[in-house]
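Heads up: the structure comes next, in structure tokens.
The values are calculated or read from the model by the stated rules, or taken from the named source; none is laboratory data. Just so it is clear, the structure is predicted and the values come from calculations on it, not from any experiment. Every residue, glycine as well, gets a Cβ built from its backbone with ideal geometry; the counts of neighbours run over all protein chains shown. Ligands, DNA and RNA are excluded from the accessible area calculation, which covers all protein heavy atoms including side chains. Shrake-Rupley method; radii C 1.70, N 1.55, O 1.52, S 1.80 Å.
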Amino acid sequence: MDKIPVGILGATGIVGQRYIRLLSNHPWFEITEVAASEKSAGKTYGEVMKHRWKLGGEIPYEVRDKIIKECVPKLDCKIVFSALDANVAGPIEEDFAREGYIVISNARNHRMDEDVPLLIPEVNPESLELVEEQKKRRGFKGFIITHPNCSTTHLCLAIKPIHDKFKIRKIIVTTMQALSGAGYPGVASLDIVDNIIPYIPLEEEKIENETLKILGKVENGKIKYADIFVSATCNRVPVSDGHLESVSIELENKSSMDELIECMNSFDPLKNYGLPSHVKPIIILKEEDRPQPRLDRNLANGMTSVVGRIRKCNVLDYKFLILGNNTIRGGAGGAILIAELLKYMKMI
Ligand code: NAP
């Protein structure tokens, strides 16, 4: 099979590096282009990344000698994965979509646009219906699909089967988010060593708003937001990778503990699609002191939401912890799964 040529915008950043690692040797996609800011453009990827590669191991051989391009829609590829800084991502992604590229973005800029899918493949594939309207309305030859915020991704993945079966009314979530979530260089070491920062700009709003769009329903070509109250508190903690989320939920239709666990455990809507990045989307750990970021963030290749400590809540109905790898399922890996779904659905 000929592989589909893909480019990475923001290939030098923390999420960009994840794309490089996950896409090298991908069975369906081949990295043909890497792009970043004008300060990186014109040099080889290996040269620019010599002191910036943060994933350990070697920079994959096939991209080392590639010349980094500027983020303009003249790249030799069909799909662009955007891991661009949100300060610049919005108009660049539109330029690419206008010229016929399929843009799959990790940046926040277009997530809440009414004609742009905010997609988690297992949760709301029906949101792909918005694509035709987007192309028509904006005169795009291609289209934009967005991937949710990293904490929102794991929250929605873990609670989707509960919401489908018992209807969630209220969610209170407190996050303990890893440093890699802030990109590179991110948070200054003197601010975070021996410390917790109880504020991440815009993060609480993203979780509260994106969750309602993702768990909403598509009706007459538009998304009707879910009718759930969400309250989020976000903290930056001195952990390198893996966001931990402490969640309490109230249900409209009451459920037993066994029913709750069973519906999460059996949730696997993509299991027969044959997508290369597919894993079981929720793994439940039984040990009383898990999940933990260092121990559990790479379970199932970092593509799963790890749930633990499911117990009764004295204020709402149930409470539990979710651990999610922020740069893999919450970033590059989640977006690659979107591209695989698009290929499966013959949208590429
Ligand atoms: P990052 O490490 O700061 O990387 C930012 C990238 O954007 C770099 O490749 C940078 O290129 C490029 N860039 C900056 N200014 C540019 C410009 N004017 N023109 C073209 N490229 C430019 O950030 P990150 O953590 O990888 O995050 C990337 C995006 O994904 C952000 O929108 C972020 O919110 C989102 N996200 C991050 C995570 C996570 O866990 N980190 C998870 C989900 C979503 P240069 O190196 O050339 O400056």
### Message
With the condition being surrounded by fewer than 19 Cβ atoms within 10 Å (Cβ to Cβ), aromatic (Phe, Trp, Tyr) and within 20 Å of the chain's Cα centre (by Cα), I'd like the helices (runs of 4 or more DSSP H) fully within segment 8-110 carrying at least 2 qualifying residues.
### Response
none
### 2 or more residues in contact with a Lys or Arg (Cβ under 9 Å, 6 or more places away or on another chain): qualifying strands (runs of 3 or more DSSP E) within segment 277-347
305-312, 318-324
### Pair list, Cβ < 6 Å and 6+ apart or interchain, from segment 192-204 residues that are open to solvent by 80 Å² or more (accessible area, probe 1.4 Å) to residues that are modelled with pLDDT of 95 or more
Ile196/Asn235; Ile196/Val237; Pro198/Asn235
### Query
Out of all the residues in segment 251-275, which are outside any loop (DSSP other than H, G, I, E, B) and open to solvent by less than 30 Å² (accessible area, probe 1.4 Å)?
Leu251, Leu260, Cys263, Met264
### Task
Please indicate, with yes or no, whether at least one residue in segment 66-83 is within 8 Å of the ligand (Cβ to nearest atom) and at positive phi.
no
### Query
Within segment 173-190, can one find any residue that is modelled with pLDDT of 95 or more, surrounded by 12 or more Cβ atoms within 10 Å (Cβ to Cβ) and within 21 Å of Tyr225 (Cβ to Cβ)?
yes
### Task
Hey, could you check segment 140-178 for residues that are under 19 Å from Leu321 (Cβ atoms) and in contact with a Gly (Cβ under 6 Å, 6 or more places away or on another chain) and say which is farthest from the ligand (Cβ to nearest atom)?
His154
### Query
How do the pairs read when you match residues in segment 29-43 that are within 17 Å of Tyr101 (Cα to Cα) with residues anywhere that are of a type in the set (Asp, Glu) and more than 10 Å from the ligand (Cβ to nearest atom), using Cβ under 8 Å and keeping only pairs 6 or more apart or on different chains?
Ile31/Glu62; Thr32/Asp76; Glu33/Asp76
### Message
Condition first: out of contact with any Leu (no Cβ under 7 Å at 6 or more places or on another chain) and within 12 Å of the ligand (Cβ to nearest atom). Now tell me which residues in segment 84-95 satisfy that.
### Response
Asp85, Ala86, Asn87, Val88, Ala89, Gly90, Pro91, Glu93, Asp95
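Conditions (1) small (Gly, Ala, Ser); (2) modelled with pLDDT of 95 or more; (3) closer than 22 Å to Lys343 by Cα, marked per residue:
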position	(1), (2), (3)
Ile8	no, yes, yes
Ile20	no, yes, yes
Ser24	yes, yes, yes
Glu33	no, yes, yes
Thr44	no, yes, no
Val80	no, yes, yes
### Query
Quick one: which of Asp191, Asp241 is under 30 Å from Val48 (Cα atoms) and assigned to a helix (DSSP H, G or I)?
Asp191
